[in-house]
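Let me begin by presenting the structure, written as structure tokens, before commenting on it.
The values are calculated or read from the model by the stated rules, or taken from the named source; none is laboratory data. Everything numeric here is computed off the predicted structure, so don't read it as measured data. FYI the Cβ positions are ideal-geometry reconstructions off the backbone, even for glycines, and counts take in every protein chain you see. For accessibility, only protein heavy atoms count, side chains too; no ligands or nucleic acids. Shrake-Rupley method; radii C 1.70, N 1.55, O 1.52, S 1.80 Å.
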Amino acid sequence: MTTSPTPDGDRRPSGGTGPALWPTIERDGPVATALTPAEREPTETRLLRRLLGDATLRLGTTPRDRLWGWLGPLLVMVLAAVARFPALGRPAELVFDETYYVKQAYTLLRVGYEARWPEDPNPGFEAGNLDTFLPQAEYAVHPPVGKWLIALGMEVAGPASSVGWRLAAAVVGTLSVLVLARIARRLFASTLLGTLAGGLLAVDGAAIVHSRTGLLDGFLMFFALAAFGALLIDREQARRRLAARAAQRLDAGHGLGGWGPRLGFRGWRLTAGLLLGLAIGTKWSGLYFLAVFGLLTVLWDVTARRAVGVDRWLPAGVLRDGVPAFLGLVPVAAATYVASWFSWFRSPGAYLRDWAAGNPGEGVTWLPESLRSLWQYHLEMWQFHNNLTSEHAYAAHPLGWIVQWRPTSFFYDTPVPANAACGADRCSQAITSIGNPILWWAGAVALVALVWWLIRDRDWRAGAILAGIAAGYLPWFAYAHRTIFTFYAIAFLPWVVLAVVYAVGRLLDRARADPARRRRAVGLVAGFLGVVAAVSVFFYPIWTAQVVPYWFWRLHMWLITWV
């Protein structure tokens with residue numbers, strides 16, 4: 001009889017869909033002659049195996065695995081730092097949307113709100129003439145969290161330094177590699193696959209470019225990824241708690257009752273709510289991560305109650321776990337988001353800060369004046385984002401993002417004199433926000449496979465990865481009418497990496513029993529990783545604004561849409 005993984009990491013006969021085919025848990029008493037060795041295990045151990053799987057239970061149980069569980073991720077984080085920090089200040093001028101966010105961050109530091117600037121302020125700002133901003137507030141169209149992080153980097157390295165403009169992005173981008181490696185280790189119950197995931201993020205071009213540029217999207221990615229990690233920890237802890245409490249009831253002969261045991265306080269879920277609030281406080285697209293991850297964590301609870309044999313597992317999961325999940329995520333995220341506007345509340349000169357006082361009886365009248373003004377501000381932000389249709393040479397439909405069809409050029413220059421700059425007749429200096437093509441193309445294929453594996457095997461890991469991609473990617477198809485860019489894909493890049501690593505893990509696992517197949521699988525994976533690494537080395541100069549001969553730059557334009 002064949003078996004397939006359940007959504008809970010267990011395996012059951014492939015012919016059934018419900019608990020009836022699983023080992024019976026509730027019994028009137030032990031029947032020694034009828035029990036298999038697995039059924040003679042302690043009840044809690046048996047439930048843990050069903051809820052988490054043997055691989056997860058073995059993870060970190062040996063000193064060697066615990067050592068490499070941190071050493072491997074830390075090593076790929078060092079690799080990420082090596083790719084991100086050298087010549088961080090190059091070029092020493094505002095790049096792409098840094099023209100908005102860096103100067104807004106600077107005025108947040110100085111006056112507590114985003115101030116307006118005179119016409120053509122960039123040359124003076126880049127030269128160190130920083131305090132030319134005007135006393136009037138600027139209409140900023142994104143929340144302040146990401147800009148405050150940029151401001152923190154400027155405070156550390158100096159606002160007149162281009163390194164200071166990008167320091168926070170480089171730190172957060174480097175930390176993202178460590179976070180993803182640890183998340184992947186827990187998700188796949190494999191230190192090797194966790195380290196591999198971190199390594200792929202460390203060398204991807206989109207991640208490197210965003211880590212070396214003072215934009216907001218890298219911060220959004222980090223907070224969403226960290227929230228995902230917090231919910232993974234919560235999933236494991238909640239299932240361990242459920243196994244312990246269910247086993248206590250079963251061993252005492254009381255049964256699980258209609259709804260099963262309560263799971264108590266969920267601190268990691270609150271942490272996820274805070275992180276998602278910071279994601280939304282960076283860019284509103286963080287709202288989609290809140291919605292999708294909220295549904296995901298409730299689904300995990302529902303399937304956990306089903307797996308241990310709770311009779312009314314669906315209403316129990318929805319009401320007993322779903323309502324606390326909502327309260328642990330949404331209000332916490334909302335409070336965090338509102339709190340992130342602290343400097344706007346404290347600054348009478350901020351944009352629309354006193355709108356309510358000047359417009360009595362308008363807007364949401366039951367709100368206090370400060371919140372009524374903030375609500376009006378948000379209405380204007382919504383209108384801007386939903387109706388942005390200005391022409392841009394690098395605007396890109398989201399359908400092509402997953403294969404990097406139309407990457408965004410952040411910076412391009414032709415340094416002169418050419419012979420002195422690059423030793424050729426013509427030079428190029430570029431920052432092109434394009435992911436490693438091999439990695440992204442493999443990711444596109446892996447996504448299709450993940451959908452199949454989710455449908456066929458009901459593997460919860462495939463669902464978790466697809467949830468991250470759905471939250472960061474699918475909503476943009478509803479905004480295809482407005483001006484949007486491929487570089488937004490950085491928000492779901494970690495889950496593209498997880499999709500590739502998941503496919504690698506399945507390939508290796510299928511070849512485990514046959515030495516010849518195992519050698520072929522290892523060789524195939526090693527070849528793929530070698531190509532990814534070689535392509536990253538090849539593209540690195542045009543990710544980091546190195547001055548190169550024009551012909552060398554042209555060698556990187558593999559598709560006509562990349563120019």
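Table for the structure above
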| read-out | value |
| --- | --- |
| Rg(Cα) / (2.2 N^0.38 Å) computed for region 317-432, rounded to two decimals | 1.79 |
| Between region 412-427 and region 292-328, the Cα center-to-center distance that results, in Å | 61 Å |
| About the Cα centre, charge dipole magnitude for the chain (Lys/Arg +1, Asp/Glu -1 at Cβ), debye | 2240 debye |
| Residue (of Ala499, Phe487, Val548) at the positive-pole extreme of region 411-563, dipole from beta-carbon charges | Ala499 |
| Point-to-point label distance, Thr389-Arg116, nm (Cα→Cβ direction, 7 Å offset) | 2.7 nm |
| Accessible area in square angstrom per residue, region 214-307, 1.4 angstrom probe | 32 Å² |
| Net +/- balance of residues flanking Glu126 in space, Cβ distance below 12 Å, scoring K and R +1, D and E -1 | -2 |
| Relative contact order (percent, whole number), region 181-302, Cα cutoff 8 Å, 6+ residue spacing | 26 percent |
| Relative contact order for region 384-515, counting Cα pairs under 8 Å that sit 6 or more residues apart, in percent | 33 percent |
| Efficiency of FRET between Leu371 and Tyr479 - r from beta-carbon atoms, R0 25 angstrom, step 0.05 | 0.40 |
| For region 105-243, size of Cβ-based charge dipole, Lys and Arg +1, Asp and Glu -1, in debye | 1000 debye |
| Cβ-defined net charge surrounding Phe222, 14 Å radius [Lys, Arg +1; Asp, Glu -1] | +2 |
| Percentage relative contact order, the chain, counting C-alpha pairs under 8 Å, at least six apart | 16 percent |
| Calculated FRET value between Val82 and His254, using beta carbons and R₀ = 56 Å, to 0.05 | 0.45 |
| Alpha carbon convex hull of region 263-381, projected area averaged over orientations, nm² | 8.8 nm² |
| Selection of trypsin sites (Lys or Arg not before Pro), region 46-117, meeting DSSP coil and at most 15 other Cβ within 10 Å | Arg116 |
| Percent carbon-and-sulfur accessible area, region 131-176, ignoring ligands, DNA and RNA, probe 1.4 Å | 71 percent |
| Mean shadow area of region 112-222, taken as a quarter of the surface of its Cα convex hull (nm²) | 8.1 nm² |
| Quarter of Cα convex hull surface for region 383-468, i.e. mean projection, nm² | 9.2 nm² |
| Gyration tensor (Cα) of region 178-276, equivalent ellipsoid semi-axes in angstrom | 37, 16, 7 |
